[in-house]
1. Cβ-Cβ distance below 9 Å, separation of 6 or more or different chains: which pairs start in the stretch A:272-289 with a residue that is surrounded by fewer than 17 Cβ atoms within 10 Å (Cβ to Cβ) and end on one that is not in a helix (DSSP H, G or I)?
2. Please return the ranges of helices (runs of 4 or more DSSP H) entirely within the stretch B:27-136 where 1 or more residues are in contact with a Phe, Trp or Tyr (Cβ under 6 Å, 6 or more places away or on another chain).
3. Of the residues that sit in the stretch B:32-65 and are more than 14 Å from chain A (Cβ to nearest Cβ) and surrounded by fewer than 16 Cβ atoms within 10 Å (Cβ to Cβ), which one is farthest from residue A:192 (Cα to Cα)?
4. Of all the residues that make up the stretch B:104-126, how many are modelled with pLDDT of 95 or more, polar (S, T, N, Q) and surrounded by fewer than 22 Cβ atoms within 10 Å (Cβ to Cβ)?
5. With the condition kept exactly as written, say whether any residue in the stretch B:197-217 is over 30 Å from residue B:111 (Cβ atoms) and assigned to a strand (DSSP E or B).
6. Yes or no: the stretch A:114-122 includes at least one residue that is of a type in the set (Gly, Ala, Ser) and more than 18 Å from the chain's Cα centre (by Cα).
7. Output the residues belonging to the stretch A:165-199 that are at the interface with another protein chain (Cβ under 7 Å from one of its Cβ atoms), over 15 Å from residue B:95 (Cβ atoms) and aliphatic (A, V, I, L, M).
8. Can you say whether residue A:182 is surrounded by fewer than 21 Cβ atoms within 10 Å (Cβ to Cβ), out of contact with any His (no Cβ under 7 Å at 6 or more places or on another chain) and either modelled with pLDDT of 95 or more or more than 25 Å from residue A:72 (Cβ to Cβ) (or both), as far as the supplied structure shows?
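The values are calculated or read from the model by the stated rules, or taken from the named source; none is laboratory data. The structure displayed is predicted, hence computed values, not measured ones. Counting neighbours? That spans all protein chains shown, and the Cβs are built from the backbone with ideal geometry, glycine included.
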Amino acid sequence: MIKSFKKNIKGILIEGLTLSSAVVIIAIVVVMVTVIVIGGKNQISWEFLTSFPEDGMTKGGIFPAIYGTALLVIIMSIAAVPFGTITAIYLTEYAKENSIIAKTIRFAVRTLAVIPSIIYGLFGLGFFIKFVGTTMDSTFLGGHLKWGQPNILWASLTMALLTLPVVIVSVEEALKTVPDDLRAASLALGATKWQTIWKVVIPGSISGIMTGTILAVSRGAGEVAPILFTGVAYYVATLPASFSDQFMVLGYHIYVMTTQSANVDKTLPIQFGTTLVLLALTFILNISAIILRYRIRKKKIN
Amino acid sequence: MNLEKIQTENMFLYYGTKMALNDISIKIPEKKVTAFIGPSGCGKSTFLRSLNRMNDLIDGVKIEGKIIVDDINIYGKNIDVVTLRKKIGMVFQRSNPFAKSIYENVAYGPKINGLNDRKQLNEIVETALKNAAIWDEVKDRLGDSALGLSGGQQQRLCIARTLAVNPEIVLMDEPASALDPLSTSKIEELIVQLKENYTIVIVTHNMQQAARISDQTAFFYLGELIEYDKTKKIFTNPDKKQTEDYITGRFG
């Protein structure tokens, strides 16, 4: 059997085409990371990471942006992880698979996941600031403006809404990996449903809960749109000390330096440095998610 | 004196509209081994799971008639299923230890009942493991994960875990069907020992097993209880032709 030349060429062409698209992907990643690392590596120093911006952001460091990003994701996680976990527990442990309420919740979660992030920002502005915040001011502070304006609390809660679907879906997946046999064993020993969830199901899916948390944090650290109207600031001279303070964030800092700065060219090294820090942060978070999952799996097997 | 530990009267069970158990009336004596045999899908496991209300977990299951344990209808109003299941333990077909240490598996039941005293827990764990004939194999590694045990050891651990709650009745759903012959014989020896203190109800598809270890045998077929008698009688001189056909291997 001799392969026809035509067929042979066709096979080679198709293989070449698929291979080249794969190579393009690798090239994009390599170029992107290389450009950022080369552009930013000389900028990174202990001083850059720990000091405030100076001279209209053309000099100095990015500490307030790092601090603000960390605080944002911490408050966000405190809100999103328990709420998302409880929702996931309801969906997997209590709701009947095809009940109207379960279907409605799943539909809502899917919808939340596809809403553009800028709309979360608008929602945060309308709901948290204009409604909740203003109501708090007029009820408790006699109309004195404190909560009815952007701050780190409203920004974090808005971000929590955005990351909620990520948490719910990953925790739900993790809860589903706990075999029903174990639930049955626990119930047959006279455990209540809640004891079974608390002592068997949640410990069995802790890796998934942690993974969901880290993925949510990683997403929250990188997003800018939801906090644009709800709390992030161009520049603040002091670190946020209260929930009602505004704050700086890495992603937004890059944006303001590239578009709002009086001298964009002068800020270029800082832009690269900040981008590298943000990239490294998300990489570290994702890698720790992977390591965590691996360790817990290994522990389970032993 | 009432020697019947469990008694059902005209019990029917439906999955949705499909009848799975048809008019079951049976009396199960205390501190004996009672075996349920029959071909797959005959309802023997479903019936067993009705005795500690594990069928409650399945949507669409409806039960009519009475199941009486110690003179109380367990499907009556005001029955606390959680307390009921402490009294009626269950060992499953596939061993299902928790992803915890050997010790924590056995201590799980007492702990959820609120027992936290280390000394008392140690005693309960040791006694339960001894009663389940696995103490000597695990006494030096109680802190190791239960998942590192062999299949047969895992199943005996699950039995120990059930015994630690101090039940009166132990239901066993084909407890040895996934095990090798040596592990199976260990489990069988154990079951015979356990009947001194516990009422044992075991579902098995292995007729030799039923013949070896049980005092009474009930033969189920297509959701009906065909025949129930002393094991010896069932296997040597059954009254019903269906029973004879089944135990001689003509169908099933």
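1. Hits for this filter: A:280/A:44.
2. Of the helices (runs of 4 or more DSSP H) lying wholly inside the stretch B:27-136, those with at least 1 residues that are in contact with a Phe, Trp or Tyr (Cβ under 6 Å, 6 or more places away or on another chain) span B:44-50, B:102-112, B:118-131.
3. The residue in question is B:39.
4. Summing the residues that are modelled with pLDDT of 95 or more, polar (S, T, N, Q) and surrounded by fewer than 22 Cβ atoms within 10 Å (Cβ to Cβ) in the stretch B:104-126 gives 2.
5. Initially, the stretch B:197-217 is screened for residues over 30 Å from residue B:111 (Cβ atoms), giving B:204-217.
With the extra rule that they be assigned to a strand (DSSP E or B), the set shrinks to B:216-217.
Yes - at least one qualifying residue is present in the stretch B:197-217.
6. There is no residue in the stretch A:114-122 that is of a type in the set (Gly, Ala, Ser) and more than 18 Å from the chain's Cα centre (by Cα).
7. A:187, A:191
8. For residue A:182, the condition - surrounded by fewer than 21 Cβ atoms within 10 Å (Cβ to Cβ), out of contact with any His (no Cβ under 7 Å at 6 or more places or on another chain) and either modelled with pLDDT of 95 or more or more than 25 Å from residue A:72 (Cβ to Cβ) (or both) - is met.
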